[in-house]
Amino acid sequence: MSTGTSGTHRPPEGQQERRVIEQRGLYFDELEEGVLYAHRPGRTVTEADNVLFTTLTMNTQALHLDAAWSAGQPFGQRLVNSMFTLATVVGQSVTQLTQGTIVAQLGLTDVSFPHPLYHGDTLYTETVITGKRLSGSRPGQGIATMAHTGRNQDGTVVALATRSCLMWTREAHAGQQGNAREATTAAGGQGTIPV
């Protein structure tokens, strides 16, 4: 895991000033094509997770909510909502890859769920950067293509997705953060991290 912006934190009166290192993902220029990024820890999915996500998103599919009905279906039990699985796969990659370094998520393609995820399964995610290029229209930013794979505790693939993200380069983001700190200071703030 990388550390992000470093700066100085202005402490309360009488305390020593210290350098601050903010946790972050990787900048566009730090992403390596072909490397497998293993995101840990895994996430054990509970019945409560599945029911809450399913009802929050107004998905009334009985395969997610009705245990008795699902018992008579081909899988013999309720399935974890595939959108929960997808959201968790992407979410597990954030800390290591895009935390504070992404400008925008551009899209998801090639999404598939080759095997169900069940209550009690633990989801692990890995990502391979399959392509990257500097943006032609947004200086200081680049587009990275990420192939995400979600596996259960047995190593069975439960989700696949390709994601395109607009990412900051290190130099451009440092300049953008410096401008934000200056604006905070000018507005009467202390310009402390995080801005």
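The values are calculated or read from the model by the stated rules, or taken from the named source; none is laboratory data. The structure displayed is predicted, hence computed values, not measured ones. Neighbour counts run over all protein chains shown; Cβ positions are idealised from the backbone, glycine included.
Picking from Thr44, Thr8, which residue would you name as being among the β-branched types (Val, Ile, Thr) and modelled with pLDDT under 95? Let's see the steps before the verdict.
Details: Thr44 fails: modelled with pLDDT under 95.
Within the list Thr44, Thr8, the selection yields Thr8.
Please work out if Pro12 is assigned to a loop (DSSP other than H, G, I, E, B) and surrounded by fewer than 17 Cβ atoms within 10 Å (Cβ to Cβ). Reasoning before the result, please.
Values: assigned to a loop (DSSP other than H, G, I, E, B): yes; surrounded by fewer than 17 Cβ atoms within 10 Å (Cβ to Cβ): yes.
Judged against the criteria, Pro12 is a match.
What are the pairs with Cβ atoms under 7 angstrom where one residue, in the range 166-180, is within 16 Å of Gln99 (Cβ to Cβ) and in a helix (DSSP H, G or I) and the other, located anywhere, is at pLDDT 80 or above and aromatic (Phe, Trp, Tyr)? Sequence gap at least six, or different chains.
Arg170/Tyr27; His173/Tyr27
Is it true that some residue in the range 127-138 is surrounded by 13 or more Cβ atoms within 10 Å (Cβ to Cβ), within 13 Å of the chain's Cα centre (by Cα) and within 30 Å of Leu26 (Cβ to Cβ)?
Looking through the range 127-138, at least one residue is surrounded by 13 or more Cβ atoms within 10 Å (Cβ to Cβ), within 13 Å of the chain's Cα centre (by Cα) and within 30 Å of Leu26 (Cβ to Cβ).
Between residues in the range 60-83 that are modelled with pLDDT under 95 and surrounded by 18 or more Cβ atoms within 10 Å (Cβ to Cβ) and residues that are part of a loop (DSSP other than H, G, I, E, B) and charged (D, E, K, R), which pairs lie under 8 Å by C-beta distance while being six or more apart or on different chains?
No pair meets every condition.
Against the definition (within 19 Å of the chain's Cα centre (by Cα) and either at pLDDT 95 or above or not hydrophobic (A, V, I, L, M, F, W, C) (or both)), how does Ser93 come out, yes or no? Break it down into steps so the answer makes sense when it comes.
Values: within 19 Å of the chain's Cα centre (by Cα): yes; either at pLDDT 95 or above or not hydrophobic (A, V, I, L, M, F, W, C) (or both): yes.
Criteria met by Ser93.
Please tell me if Ala144 is more than 30 Å from Leu65 (Cβ to Cβ), at pLDDT below 95, crowded, with 18+ Cβ neighbours inside 10 Å and not polar (S, T, N, Q).
Details: more than 30 Å from Leu65 (Cβ to Cβ): yes; at pLDDT below 95: no; crowded, with 18+ Cβ neighbours inside 10 Å: yes; not polar (S, T, N, Q): yes.
No, not satisfied.
Per-residue answers, yes or no, for (1) modelled with pLDDT of 95 or more; (2) among the charged types (D, E, K, R):
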position: Val158; (1), (2): yes, no
position: Cys165; (1), (2): yes, no
position: Glu171; (1), (2): no, yes
position: Gly178; (1), (2): no, no
position: Thr184; (1), (2): no, no
position: Gln190; (1), (2): no, no
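Restricting to the range 119-139, name every residue that is in contact (Cβ under 8 Å) with a residue 40 or more places away in the chain and not in a loop (DSSP other than H, G, I, E, B). Quick ask: steps written out before the conclusion?
Start the filter on the range 119-139 by keeping residues that are in contact (Cβ under 8 Å) with a residue 40 or more places away in the chain, which leaves 119-132, 134.
Listed by number, the residues that qualify are Thr122, Leu123, Tyr124, Thr125, Glu126, Thr127, Val128, Ile129, Thr130, Gly131, Lys132, Leu134.
Which members of the range 26-65 meet the condition of being of a type in the set (Asp, Glu) and either under 22 Å from Leu123 (Cβ atoms) or in a helix (DSSP H, G or I) (or both)?
At the first step, the residues of the range 26-65 found to be of a type in the set (Asp, Glu) are 29-30, 32-33, 47, 49.
Answer for the range 26-65, where residues must be of a type in the set (Asp, Glu) and either under 22 Å from Leu123 (Cβ atoms) or in a helix (DSSP H, G or I) (or both): Asp29, Glu30, Glu47, Asp49.
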